[in-house]
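A.B. asks: My structure is below; once you've seen it, I'll send some questions.
The values are calculated or read from the model by the stated rules, or taken from the named source; none is laboratory data. All of these numbers come straight from a predicted model, not from anything done at the bench. Note that each Cβ is placed from the backbone with ideal geometry, even for glycine, and that neighbours are counted across all protein chains shown. With ligands, DNA and RNA removed, areas are computed over all heavy atoms of the protein, side chains included. Shrake-Rupley method; radii C 1.70, N 1.55, O 1.52, S 1.80 Å.
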Amino acid sequence: TAATINNAKMFNLQKYIGSVQVGKRADLLILKDNPLTTIDAFDSIQTVISAGKIIPRETLAANH
């Protein structure tokens, strides 16, 4: 919540950002593992959602 809804409320933007909901803009990392239990979870990124657009992990490889 510290990096999502609380920031949105601080700037009075909670109608547009700060939670996952139809009609709101989303910037999300979908992980296979829990980053609260291991730092290695960031190696398990499955999907990136930036400005509401889905970006598959394989398209983010350095060789693309």
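A.B. asks: At 7 Å along the Cα-to-beta-carbon direction for both Asp27 and Gln46, put a label point, then send me their distance in nm to one decimal.
C.D. replies: 2.3 nm
A.B. asks: Ok, one more. Heavy atoms only, probe 1.4 Å: what % of the accessible area of the chain goes to carbon and sulfur, would you let me know?
C.D. replies: Summing carbon and sulfur atoms, their accessible area is 58 percent of the total for the chain.
A.B. asks: Please work out the average accessible area per residue across the chain, using the 1.4 Å probe convention, and give it in Å².
C.D. replies: 83 Å²
A.B. asks: Could you tell me which residue out of Thr37, Gly23, Gly52 lies farthest along the dipole of the chain toward its positive end? Charges go on the beta carbon: Lys and Arg +1, Asp and Glu -1, centred on the Cα centre.
C.D. replies: It is Gly23.
A.B. asks: Moving on to the next point. Please sort by residue number the chymotrypsin sites (Phe, Trp or Tyr not before Pro) in the stretch 8-64 whose DSSP state is loop and whose Cβ has at most 13 other Cβ atoms within 10 Å.
C.D. replies: Phe11, Tyr16
A.B. asks: While we're looking at this one, here's another question. What full-extension length gain, to one decimal in nm, is calculated for Val20 and Thr59 as 0.36 nm per residue of separation minus the Cα-Cα distance?
C.D. replies: Details: separation 39, 0.36 × 39 = 14.04 nm, distance 2.33 nm.
Here the segment from Val20 to Thr59 would lengthen by 11.7 nm.
A.B. asks: Where is the GNM fluctuation largest for the chain (alpha-carbon springs, 10 angstrom cutoff): Ile30, Ile39, Ile54?
C.D. replies: Ranking Ile30, Ile39, Ile54 by mean-square fluctuation puts Ile39 first.
A.B. asks: In µm²/s, what is D for the chain at 37 °C and 0.692 mPa s, where D = kT/(6 pi eta Rh) by Stokes-Einstein and Rh is the Kirkwood radius from Cα pairs? Intermediate values should be presented prior to the final figure.
C.D. replies: Working: Rh = 13.2 Å.
The estimated diffusion coefficient comes to 249 µm²/s.
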